[in-house]
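Note sheet for the following structure.
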Amino acid sequence: MSKKAKIILCAALVLLLALFCAARLVLIPEPVVGDKHIVFEVTGLEATAKNFDIYTNAETLGEALMQEKLIDAEEGPYGLWVTAIFGEKADDAKNQYWMFYKDGIELATGISDTYIADGEHYEARIVQY
């Protein structure tokens, strides 16, 4: 192979590599707000369940619910203390509070410390002690 052919071949390979890199940069999608989808189910005192589909990039359940403006909460020593969900309040005078569940199992952490992933299902129910 002649020296001129080698130079043309190398130039073609460099050009092909540059085109591949440019195409890859263009075709890789940018992160979209709402990469994670979770379902949040709320059961109030009337035992009527409401489901909310939440699309978020939040890391924790508390962040996602606050971003969606679904909860009223106060910051406490252990994270967020939820006082109302979707306008329905738990009544402290009646010893009521909101309990949170993931796939039907009580959360072992508060919503401020519950990390979420795509496809998860959470519930909140008013309970009385």
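The values are calculated or read from the model by the stated rules, or taken from the named source; none is laboratory data. Remember, it's a predicted structure, so these values are computed and weren't measured experimentally. Backbone-built Cβ (ideal geometry, glycine too); neighbour counts: all protein chains shown.
Counting only residues that are surrounded by 11 or more Cβ atoms within 10 Å (Cβ to Cβ) and part of a loop (DSSP other than H, G, I, E, B), segment 87-100 holds 2 of them. Taking every residue in segment 101-113 that is surrounded by 11 or more Cβ atoms within 10 Å (Cβ to Cβ) and among the charged types (D, E, K, R) and pairing it with any residue that is outside any helix (DSSP H, G or I) and at pLDDT below 95, at least 6 positions away or on another chain, the pairs with Cβ-Cβ distances below 9 Å are 113/78; 113/79. Within segment 86-100, the set of residues being without any contact (Cβ under 8 Å) to a residue 40 or more places away in the chain and either at positive phi or not assigned by TED's automatic domain parsing to the domain that holds residue 44 (or both) comprises 87, 95. When restricted to residues that are of a type in the set (Ser, Thr, Tyr) and either surrounded by fewer than 16 Cβ atoms within 10 Å (Cβ to Cβ) or free of Cβ contacts under 8 Å to residues at least 12 places away in the same chain (or both), segment 114-129 contains 2. When 8, 54 are checked against the criterion of being at pLDDT 75 or above and either of a type in the set (Ser, Thr, Tyr) or not assigned by TED's automatic domain parsing to the domain that holds residue 120 (or both), a single residue qualifies: 8. Name the residue that is surrounded by the fewest Cβ atoms within 10 Å (Cβ to Cβ), counting only residues in segment 64-85 that are part of a helix (DSSP H, G or I) and touching a residue at least 40 places away in the same chain (Cβ under 8 Å). Step by step, filter segment 64-85, then rank; the result is 64.
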